[in-house]
Amino acid sequence: MHVVIGSESDIILAREHGRRVGKEVGFPNADLTRIVTAISEIARNIVFFAETGEITIHVITKDNKYGIEITAKDGGPGIQDISLAMSDGYSTRRRRGLGLPGARRLMDEFWIASDQGNGTTVTMRKWVGQND
């Protein structure tokens, strides 16, 4: 599942796809809420910082367990200091600074790569039945 992100309506579409794929995999409602919230946070960063990007959502399997993987890519300015951006309370938009660190807490696995001037890629995974 691939969603081009460039507006608020695209964020909603990505959330809907994430919920649908998560439901198909067998996530309980609480985990579906975590997944769509993480998608929202990352997609909003795309719209605000890069203007456009894409989110890919697909089912993954590993060692007899099922999950969902969400990859968000953009061609924006990149993140100067990933460690700082991943710290609670840090924000370049005068907000609460919960976007990236919040998404990381909501998911089971989280990676971020950023190339100054060439964009950012965030990959997140959630596993069915994984302990929080």
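Condition check ((1) more than 15 Å from Phe49 (Cα to Cα); (2) of a type in the set (A, V, I, L, M); (3) loosely packed, with under 12 Cβ neighbours inside 10 Å; (4) modelled with pLDDT of 95 or more) across all residues:
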residue	(1), (2), (3), (4)
Thr92	no, no, no, no
Leu100	no, yes, no, no
Asp108	yes, no, no, yes
Met124	yes, yes, no, yes
Gln130	yes, no, no, no
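Of the residues Thr33, Thr37, the single one that is closer than 19 Å to Ala103 by Cα and in contact (Cβ under 8 Å) with a residue 40 or more places away in the chain is Thr37.
Residues of the range 1-19 that are closer than 17 Å to Lys73 by Cβ and among the charged types (D, E, K, R): Asp10 alone. Figure legend. Inter-residue proximity from the range 104-115: first residues in contact (Cβ under 8 Å) with a residue 40 or more places away in the chain and of a type in the set (D, E, K, R), second residues assigned to a strand (DSSP E or B) and surrounded by 13 or more Cβ atoms within 10 Å (Cβ to Cβ), beta-carbon distance below 7 Å, spacing 6+ or different chains. Indicated pairs: Asp108/Arg125; Asp108/Lys126; Asp108/Trp127.
Under the condition of being of a type outside the set (Gly, Ala, Ser) and either farther than 17 Å from Ile55 by Cβ or touching a residue at least 40 places away in the same chain (Cβ under 8 Å) (or both), the residues counted in the range 11-22 number 2.
The values are calculated or read from the model by the stated rules, or taken from the named source; none is laboratory data. This one's a predicted model, so the numbers in the text were calculated from it and none came from an experiment. Don't worry about glycine lacking a Cβ; one is built from the backbone with ideal geometry, like all the others, and counts go over all protein chains shown.
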